[in-house]
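Taking it in order: structure first as structure tokens, then the write-up.
The values are calculated or read from the model by the stated rules, or taken from the named source; none is laboratory data. What you are looking at is a predicted structure, and each value in this text was computed from that prediction instead of being measured. No Cβ is skipped: glycine too gets one built from the backbone with ideal geometry, and neighbour counts run over all protein chains shown. The accessibility values were calculated without ligands, DNA or RNA, using every heavy atom of the protein model including side chains. Shrake-Rupley method; radii C 1.70, N 1.55, O 1.52, S 1.80 Å.
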2 protein chains.
Amino acid sequence: MCDGYDPAKCTTVSEMLARLGDKWTVLVIMMLGDGPQRFSDLKRMVVGVSQRMLTLTLRALERDGIVERTVHPTVPPRVEYALTDLGRSFSVPVKALGGWVFANHEDIQSARARFDERNAEAGPKLIKLG
Amino acid sequence: MCDGYDPAKCTTVSEMLARLGDKWTVLVIMMLGDGPQRFSDLKRMVVGVSQRMLTLTLRALERDGIVERTVHPTVPPRVEYALTDLGRSFSVPVKALGGWVFANHEDIQSARARFDERNAEAGPKLIKLG
DNA sequence: CAGTATCCCGGACGATACTG
DNA sequence: CAGTATCGTCCGGGATACTG
């Protein structure tokens, strides 16, 4: 993929992957898939997210042009978040990836079971990551 | 995507995304795309990776059934890593995602530039994640 | 060669308190 | 309501040294 070799683009790929890999980004994108949502609604829908992390996640997505932030100057303030065209476009390959995991869930689980079985008796080793 | 709602599958999606989001997984998968590679060859190809992280990354991928580890009982030892069928299948949506970033690189960069421009004068704020 | 063991640091993330 | 500021914890990941 990074064969034609544009280092800048490869860096961006890593950045977007890291973004997807963080704890809340994909959930937020999914919740915005059905239309715009207010901050507090998102906070309720994305169970477990802290105010801080929701803000951070939305800011990062806004910076990348995936999400658009609209402030309605009312009292109390009303802020809506929506996917941009770029965001909706982005969600296509993201959903494809999610779909792949759904489709291959059995294979993954059985592979893990076999691995854990084989390495059952072994000592503590350094099996981390996960 | 997680609408039909199988919590176990959604958890697996998060796990695989977290895996992709870590620092070396995608690079390793790409390097194995052209065929099997020895541990030390991978270490040379994936520039900057430490022995520890390469081992950890490969172990996690092996556990998930994405990569297969073959030990040739010679002296000195020869260990080869290769993508499994599942791994090659997995790399399809992964490459699609990478391809999307390549195709939309301009849009992302300009979105970032505009965001940073708008928030130039502002104080330190809490803009992290990135 | 292909690991494993240990130490260490920075940053992701959570909890809490405060504000326009 | 929609944030921001601050503090503390945990762990991803790097550096180094050792081994079959």
Considering only residues that are of a type in the set (Val, Ile, Thr), under 15 Å from A:ARG38 (Cβ atoms), surrounded by 14 or more Cβ atoms within 10 Å (Cβ to Cβ) and out of contact with any helix residue (DSSP H, G or I) (no Cβ under 6 Å at 6 or more places or on another chain), which ones fall in segment A:55-91?
A:THR55
Looking only at segment A:44-55, which residues are among the small types (Gly, Ala, Ser) and away from DNA strand D (no atom under 12 Å from the Cβ)?
A:GLY48
Among (1) out of contact with any Lys or Arg (no Cβ under 8 Å at 6 or more places or on another chain); (2) more than 7 Å from every other protein chain (Cβ to nearest Cβ); (3) surrounded by 12 or more Cβ atoms within 10 Å (Cβ to Cβ), where does A:ASN104 come up short?
(2)
Any chance segment B:62-81 includes a residue that's modelled with pLDDT of 95 or more, away from DNA strand C (no atom under 12 Å from the Cβ) and part of a helix (DSSP H, G or I)?
yes
Looking at (1) among the acidic types (Asp, Glu); (2) under 24 Å from A:ARG19 (Cβ atoms); (3) more than 7 Å from every other protein chain (Cβ to nearest Cβ), which is the one condition that is false for B:ASP64?
(3)
Answer residue from segment B:1-16, given it is closer than 15 Å to A:GLY130 by Cβ and open to solvent by 20 Å² or more (accessible area, probe 1.4 Å) and is nearest to DNA strand C (Cβ to nearest atom) among those:
B:SER14
Could you tell me whether segment B:27-43 includes any residue that is away from DNA strand D (no atom under 12 Å from the Cβ), more than 9 Å from chain A (Cβ to nearest Cβ), of a type in the set (D, E, K, R) and without any contact (Cβ under 8 Å) to a residue 24 or more places away in the chain?
yes
Collect the residues in segment B:19-54 that are more than 15 Å from the chain's Cα centre (by Cα), away from DNA strand C (no atom under 13 Å from the Cβ) and open to solvent by less than 50 Å² (accessible area, probe 1.4 Å), keeping them in residue-number order.
B:GLY35
Flagged pairs (Cβ under 8 angstrom, 6 or more apart or on separate chains; first in segment B:92-120, among the aromatic types (Phe, Trp, Tyr); second open to solvent by less than 20 Å² (accessible area, probe 1.4 Å)) are B:TRP100/A:PHE90; B:TRP100/A:PRO93; B:PHE102/A:VAL13; B:PHE115/A:GLY65
What number goes with the only condition from (1) open to solvent by 50 Å² or more (accessible area, probe 1.4 Å); (2) closer than 22 Å to A:PRO93 by Cα that B:VAL94 does not pass?
(1)
